[in-house]
1. Kindly evaluate C:His134 against the criterion of being modelled with pLDDT of 95 or more, closer than 20 Å to C:Phe5 by Cα, out of contact with any helix residue (DSSP H, G or I) (no Cβ under 8 Å at 6 or more places or on another chain) and not polar (S, T, N, Q).
2. Which numbered condition in (1) hydrophobic (A, V, I, L, M, F, W, C); (2) at the interface with another protein chain (Cβ under 9 Å from one of its Cβ atoms); (3) buried (at least 22 other Cβ atoms within 10 Å of the Cβ) is the only one that A:Met1 fails?
3. When you go through (1) assigned to a loop (DSSP other than H, G, I, E, B); (2) touching a residue at least 60 places away in the same chain (Cβ under 8 Å) one by one for B:Pro97, which number turns out not to apply?
4. Which of the numbered conditions does A:Asp71 fail, given that it passes all the others? Conditions: (1) surrounded by fewer than 18 Cβ atoms within 10 Å (Cβ to Cβ); (2) more than 18 Å from C:Val54 (Cα to Cα).
5. Tell me, yes or no, whether region A:80-94 has at least one residue that is over 22 Å from B:Thr34 (Cβ atoms), in a loop (DSSP other than H, G, I, E, B), small (Gly, Ala, Ser) and in contact with a helix residue (DSSP H, G or I) (Cβ under 6 Å, 6 or more places away or on another chain).
6. Considering only residues that are away from chain C (no Cβ under 14 Å) and of a type in the set (A, V, I, L, M, F, W, C), look in region B:82-132 and name the one that is most open to solvent (accessible area, probe 1.4 Å).
7. Find the residue count for region B:102-126, including only residues that are touching a residue at least 12 places away in the same chain (Cβ under 8 Å) and more than 13 Å from the chain's Cα centre (by Cα).
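The values are calculated or read from the model by the stated rules, or taken from the named source; none is laboratory data. Since the structure is predicted, the reported quantities are computational estimates derived from the model, not experimental observations. Cβ placement follows ideal geometry from the backbone for every residue including glycine, while neighbour counts extend to all protein chains displayed. Protein only, heavy atoms only, side chains kept; ligands, DNA and RNA dropped before computing areas. Shrake-Rupley method; radii C 1.70, N 1.55, O 1.52, S 1.80 Å.
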Amino acid sequence: MQTIFEQRTQGQALYEITRPVAEWVRPLGDGLLTLMIRHTSASLLIQENADPDVQRDLISYFARLVPSANDPSLNYLRHRDEGPDDMPAHIKATMMPVSLSIPVANGAMRLGTWQGIYLFEHRNAPHTRQVAAHFSRD
Amino acid sequence: MQTIFEQRTQGQALYEITRPVAEWVRPLGDGLLTLMIRHTSASLLIQENADPDVQRDLISYFARLVPSANDPSLNYLRHRDEGPDDMPAHIKATMMPVSLSIPVANGAMRLGTWQGIYLFEHRNAPHTRQVAAHFSRD
Amino acid sequence: MQTIFEQRTQGQALYEITRPVAEWVRPLGDGLLTLMIRHTSASLLIQENADPDVQRDLISYFARLVPSANDPSLNYLRHRDEGPDDMPAHIKATMMPVSLSIPVANGAMRLGTWQGIYLFEHRNAPHTRQVAAHFSRD
């Protein structure tokens with residue numbers, strides 16, 4: 001049982017994909033859900049879905065930890081052909097999950113109360129991102 | 001085949017959960033074990049189980065990389081209602097695994113010699129943490 | 001369906017393992033591939049396989065974020081018996097994936113166009129690294 005979720009992005013931000021994923025697994029019963037992002041400059045996260053400031057603060061923190069390649073602190077970077085946000089995007093994608101595995105019981109993901117699933121876009125320009133999904137039924 | 005492991009925590013530290021997990025999979029034969037933490041301010045790690053200084057050094061390093069929100073370097077953070085250790089906990093949880101997938105052969109996890117499974121608590125106050133576990137038999 | 005891939009490493013670098021993994025899954029049809037590294041001082045990554053400068057820049061960035069334990073900024077580290085590159089290796093292994101889950105359709109991993117699978121060696125001395133692989137057929 002496989003599908004691909006598409007998510008349009010408009011710059012560096014977290015895009016919640018919990019709902020389409022939850023709807024896909026609802027009729028599937030018990031099993032294991034796997035999500036894998038098919039890109040190297042965006043990430044998959046499970047993070048808090050309550051206070052939107054959490055998402056804003058995550059963006060702010062990682063923008064400082066890995067600034068634009070134009071920042072003097074990153075003057076040693078060589079991969080610059082695709083713009084000053086590209087190599088930092090690869091670095092952030094290295095520090096965050098590329099795949100997530102989520103147990104499912106009775107068609108419901110076993111997420112905690114405050115957990116949502118997000119695509120974290122690390123590039124500035126709009127992109128259409130793909131997340132490969134797999135469900136193995138128990 | 002699913003269960004939930006509970007782990008009581010007392011502040012920022014690594015709590016080893018290798019033993020209860022190993023006991024759960026022992027009668028299950030060959031397959032794939034999945035663990036997923038049901039929280040956004042704690043992480044799951046596979047790390048060295050030999051020298052306890054490794055755990056102490058991990059805590060020290062990440063406490064400096066992502067200090068308390070009261071630290072002047074993080075004065076831009078907005079999510080402060082749940083205490084100065086909460087937003088840094090979300091940041092650390094973003095940089096470390098939320099789920100782990102471990103092949104199992106003859107009821108034994110295929111961990112390396114020095115690998116143990118840990119829950120890394122990022123909050124200061126005591127918590128009861130839940131880890132959802134799933135086993136798919138070959 | 002399980003196997004173990006071995007990869008010889010010669011210092012801190014990314015070693016691509018896409019080809020042997022792709023060959024192993026090719027006859028297996030539809031299902032879920034899981035890879036898990038059996039070490040705590042090396043990581044598994046999915047990263048760009050086009051411009052080799054991306055790999056060089058990743059090594060450069062993380063060598064600065066987590067320098068040698070001889071660097072004054074890390075003078076608080078205690079675990080030093082195995083050399084100044086060992087504790088930094090554990091720290092990097094904490095920030096990067098230990099396991100990867102990849103959907104497979106018709107014997108082909110559902111990787112994106114520019115995605116390759118890499119073992120990121122964090123130690124300086126040569127090592128033989130093991131990656132445990134599991135395939136669950138749909």
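1. Here the answer is yes, as C:His134 does meet what is asked.
2. Unmet for A:Met1, out of (1) hydrophobic (A, V, I, L, M, F, W, C); (2) at the interface with another protein chain (Cβ under 9 Å from one of its Cβ atoms); (3) buried (at least 22 other Cβ atoms within 10 Å of the Cβ): (3).
3. (2)
4. (2)
5. For region A:80-94, residues over 22 Å from B:Thr34 (Cβ atoms), in a loop (DSSP other than H, G, I, E, B), small (Gly, Ala, Ser) and in contact with a helix residue (DSSP H, G or I) (Cβ under 6 Å, 6 or more places away or on another chain): absent.
6. B:Ala125
7. Here the count works out to 14.
Matching residues to (1) closer than 28 Å to C:Gly31 by Cα; (2) of a type in the set (Asp, Glu):
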| site | (1), (2) |
| --- | --- |
| A:Gln55 | no, no |
| A:Asp85 | no, yes |
| A:Ala108 | yes, no |
| A:Pro126 | no, no |
